[in-house]
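Accompanying notes for the structure given below.
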Amino acid sequence: MPSFPVEQTKLSAEHIGMVFTRDGKSTNVLSDVNLTVGRGEFLCILGPSGCGKSTLLNTMAGFLSPSSGEVRIDGEVVRSPDPRRIFVFQERGVFPWLTVEGNVGFGLFRLSRAERAQRIAHYVQLVGLEGFEKAYPAELSGGMKQRLEVARALAVNPDMLFLDEPFGALDSITRLTMRRELLRIWEAEKNTIIFVTHDIDEAVQLADRVAVMTDRPATIQQIVEIDIPHPRDMGSPRYLELRHGIFDQLGLAHKV
Amino acid sequence: MSLLARLRPIAFIAALLVLWQIAVSMSPVHILPGPWGVVGAIVELIQHGLLVKYAVASLFRVSWGFALAALLAIPLGLTIGWFSRAEMALNPLIQILRPISPLAWIPIAILWFGVGDLASLFLIFVGCFFPLLLTTISAVQSVPAVYVNAGRNFGLSPAALVYRVLYPAVIPQLIVGLRITLGIAWLVVVAAEMIAVNSGLGFLIVDARNAGNRYDLVVAGMVIIGLIGLSIDLGMRSLERIKSLRWSYSEE
């Protein structure tokens with residue numbers, strides 16, 4: 001049961017099922033997924049590769065319609081993507097034909113020129129891309145591109161962010177920095193974040209709660225509350241305890 | 001590129017010209033005019049004002065035939081590529097029409113438009129239309145879904161999605177297609193002018209042969225066609241260097 005009052009519910013997924021049919025063969029990807037996410041919560045969905053967690057995220061964001069069940073955000077059934085909630089894609093989703101400025105300003109077409117410029121400057125600065133405003137994505141590193149995509153998402157002031165393994169393609173050092181920056185931004189912007197990952201450490205470092213998924217047909221096995229305040233000490237007994245708990249959940253050994 | 005590397009192709013062409021001149025002067029029978037003869041012929045064309053006149057006539061036909069084809073093929077290709085059902089319906093027809101050489105259309109072009117500019121325009125149009133259509137369709141289909149999804153996520157209307165995402169995403173491939181197609185147009189115009197009109201560089205070549213076996217003029221015409229084709233291609237290539245279009249040519 002959610003650890004927050006019902007009126008604080010941002011998103012609820014009820015009995016989500018997803019069946020893909022291809023060449024007459026149907027694959028059961030999601031089966032009876034139930035999930036509630038609180039306003040301003042940072043939730044990680046953790047599961048093995050190919051278990052259907054991206055499918056679940058795409059369903060919650062409105063890119064896919066579930067075969068059964070429904071997703072509600074602020075009480076309304078989700079039927080399509082919406083600029084109030086932005087999806088940060090697994091592959092680099094920045095537009096290569098636009099500069100850093102152009103990308104950050106992409107979703108700001110309803111604002112006046114002055115407001116747009118101000119918003120762009122703010123978010124370029126927030127993700128630390130000052131001095132690169134006129135650069136094209138091809139001139140940026142992988143980490144910078146991912147930060148650019150986060151800035152593009154934040155610039156439209158979304159109240160939710162869906163992140164699909166956003167740091168998966170980065171090296172482990174950049175990945176750590178990016179997690180710290182994401183937490184800093186989340187604490188400043190107070191959006192609701194749903195973050196998909198297959199990395200146990202990433203989930204335990206970032207999330208308020210971790211939803212652990214089973215293999216296909218995926219469903220939520222358990223929800224683990226990470227009751228450690230930020231900044232989190234990765235060597236603390238509680239951190240290791242939670243981490244081990246999830247290892248066990250996934251049926252993994254503790255030794256390599 | 002170093003100066004030496006730049007000079008290398010020029011040196012190579014110069015060496016070939018020298019060999020050509022030697023071979024022609026040693027040959028007992030007249031098989032080809034020598035380079036000097038060709039230079040003389042080009043000078044003669046310039047003096048009579050024919051070089052500019054014919055080149056302009058050919059370029060005029062190429063520009064119109066090419067522009068008309070681009071104007072029709074690109075929007076049509078964007079539409080067909082976007083709607084997979086349209087692609088399924090039209091693809092067989094396109095695949096049948098595509099391998100027919102534009103030259104096979106010559107009798108029909110003359111039947112429809114008579115002997116004149118329109119017939120040659122039509123031939124160039126046919127030669128450009130199908131390659132451009134196919135390039136555009138495949139360019140649309142290869143646009144990564146992530147760009148389209150991102151565009152939808154930010155609440156773009158269908159029209160805005162086309163001109164802010166789809167169109168910029170296909171441009172680099174489209175430029176390559178346009179470059180290749182313009183090359184085809186330049187090939188077709190020569191053939192079209194041999195049959196359908198009495199001006200232009202293609203006409204110069206048949207006319208020089210028919211009116212007194214002036215092979216120096218024939219080769220002069222060929223050289224001019226090659227040089228103009230080269231400058232057209234260089235011009236199109238410079239488009240690929242524009243920064244906002246260059247992305248797909250880099251590591252992306």
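The values are calculated or read from the model by the stated rules, or taken from the named source; none is laboratory data. All values reported here derive from a predicted model rather than from experimental measurement. For neighbour counting, all protein chains shown are included, and Cβ atoms are generated from backbone atoms with ideal geometry for every residue, glycine included.
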Some residue of the stretch B:144-156 being without any contact (Cβ under 8 Å) to a residue 24 or more places away in the chain, surrounded by 17 or more Cβ atoms within 10 Å (Cβ to Cβ), in contact with a helix residue (DSSP H, G or I) (Cβ under 7 Å, 6 or more places away or on another chain) and hydroxyl-bearing (Ser, Thr, Tyr): yes
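Yes or no: A:Val224 surrounded by fewer than 21 Cβ atoms within 10 Å (Cβ to Cβ) and within 30 Å of A:Ser67 (Cα to Cα)? Let's see the steps before the verdict.
On the way: surrounded by fewer than 21 Cβ atoms within 10 Å (Cβ to Cβ): yes; within 30 Å of A:Ser67 (Cα to Cα): yes.
For A:Val224, the condition - surrounded by fewer than 21 Cβ atoms within 10 Å (Cβ to Cβ) and within 30 Å of A:Ser67 (Cα to Cα) - is met.
With respect to B:Gly81, is the statement that it is of a type in the set (Gly, Ala, Ser) and either surrounded by fewer than 16 Cβ atoms within 10 Å (Cβ to Cβ) or in contact with a Phe, Trp or Tyr (Cβ under 9 Å, 6 or more places away or on another chain) (or both) true? Step through it out loud before you land on a result.
Working: of a type in the set (Gly, Ala, Ser): yes; either surrounded by fewer than 16 Cβ atoms within 10 Å (Cβ to Cβ) or in contact with a Phe, Trp or Tyr (Cβ under 9 Å, 6 or more places away or on another chain) (or both): no.
Answer is no for this residue.
Please find, among A:Leu161, A:Leu148, the residue that is touching a residue at least 24 places away in the same chain (Cβ under 8 Å) and over 30 Å from A:Ser67 (Cα atoms). Steps first, answer last, please.
Working: A:Leu161 fails: over 30 Å from A:Ser67 (Cα atoms).
It is A:Leu148.
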Residues within the stretch A:96-131 that are more than 14 Å from chain B (Cβ to nearest Cβ), surrounded by fewer than 18 Cβ atoms within 10 Å (Cβ to Cβ) and free of Cβ contacts under 8 Å to residues at least 40 places away in the same chain, tallied: 11
Conditions (1) modelled with pLDDT of 85 or more; (2) touching an Asp or Glu at 6+ places or on another chain (Cβ under 7 Å); number of the one not met by B:Asp207: (2)
Options B:Ala15, B:Ala55, B:Ala70, B:Ala23; residue that is closer than 30 Å to B:Val162 by Cα and among the hydrophobic types (A, V, I, L, M, F, W, C): B:Ala70
Verdict on A:Ala169 being of a type outside the set (Val, Ile, Thr) and either in contact with a strand residue (DSSP E or B) (Cβ under 6 Å, 6 or more places away or on another chain) or at pLDDT 90 or above (or both): no
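So that you can scan it fast, the table gives a plain yes or no per residue for (1) touching a Leu at 6+ places or on another chain (Cβ under 6 Å); (2) in contact (Cβ under 8 Å) with a residue 12 or more places away in the chain; (3) among the hydrophobic types (A, V, I, L, M, F, W, C):
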| site | (1), (2), (3) |
| --- | --- |
| A:Thr21 | no, no, no |
| A:Asn28 | no, yes, no |
| A:Val37 | yes, yes, yes |
| A:Gly40 | no, yes, no |
| A:Cys51 | no, yes, yes |
| A:Ser54 | no, yes, no |
| A:Ser68 | no, yes, no |
| A:Asp82 | no, yes, no |
Search result, residues across the stretch B:135-160 that are among the aliphatic types (A, V, I, L, M) and touching a Lys or Arg at 6+ places or on another chain (Cβ under 7 Å): B:Leu156
Failed item in (1) within 26 Å of A:His198 (Cα to Cα); (2) within 14 Å of chain B (Cβ to nearest Cβ); (3) not hydrophobic (A, V, I, L, M, F, W, C), with A:Ser26 passing the rest: (2)
Tabulated pairs, the stretch B:19-45, first without any contact (Cβ under 8 Å) to a residue 40 or more places away in the chain, second surrounded by 11 or more Cβ atoms within 10 Å (Cβ to Cβ) and of a type in the set (Val, Ile, Thr), C-beta under 7 angstrom, 6+ apart or interchain: B:Gly34/B:Val24
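Which residues, taken from the stretch A:109-166, are small (Gly, Ala, Ser) and in a helix (DSSP H, G or I)? Step through it out loud before you land on a result.
Narrowing the stretch A:109-166 to residues small (Gly, Ala, Ser): A:112, A:114, A:117, A:121, A:128, A:131, A:135, A:138, A:141-143, A:151, A:153, A:155.
Selection gives A:Ala114, A:Ala117, A:Ala121, A:Ala138, A:Gly142, A:Gly143, A:Ala151, A:Ala153, A:Ala155.
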Test result for B:Val190, more than 12 Å from chain A (Cβ to nearest Cβ) and under 30 Å from A:Phe162 (Cα atoms): no
Hey, A:His244 outside any helix (DSSP H, G or I) and surrounded by fewer than 17 Cβ atoms within 10 Å (Cβ to Cβ) or not: no
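Answer yes or no: is there a residue in the stretch A:186-204 that is surrounded by fewer than 13 Cβ atoms within 10 Å (Cβ to Cβ), within 24 Å of A:Gly38 (Cβ to Cβ) and free of Cβ contacts under 8 Å to residues at least 60 places away in the same chain.
As a first pass, look at the stretch A:186-204 and keep what is surrounded by fewer than 13 Cβ atoms within 10 Å (Cβ to Cβ): A:187-188, A:190.
Now narrow it down to the ones that are within 24 Å of A:Gly38 (Cβ to Cβ): A:187-188, A:190.
Then drop every residue that is not free of Cβ contacts under 8 Å to residues at least 60 places away in the same chain, which leaves A:187.
Yes, there is a match, as at least one residue in the stretch A:186-204 is surrounded by fewer than 13 Cβ atoms within 10 Å (Cβ to Cβ), within 24 Å of A:Gly38 (Cβ to Cβ) and free of Cβ contacts under 8 Å to residues at least 60 places away in the same chain.
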Residue within the stretch A:37-52 that is touching a strand residue (DSSP E or B) at 6+ places or on another chain (Cβ under 6 Å) and over 28 Å from A:Pro229 (Cα atoms) present: yes
Test: A:Pro66 is within 9 Å of chain B (Cβ to nearest Cβ) and at pLDDT below 95: no
Residue count, the stretch A:146-168 (criterion: surrounded by fewer than 20 Cβ atoms within 10 Å (Cβ to Cβ) and within 13 Å of chain B (Cβ to nearest Cβ)): 1
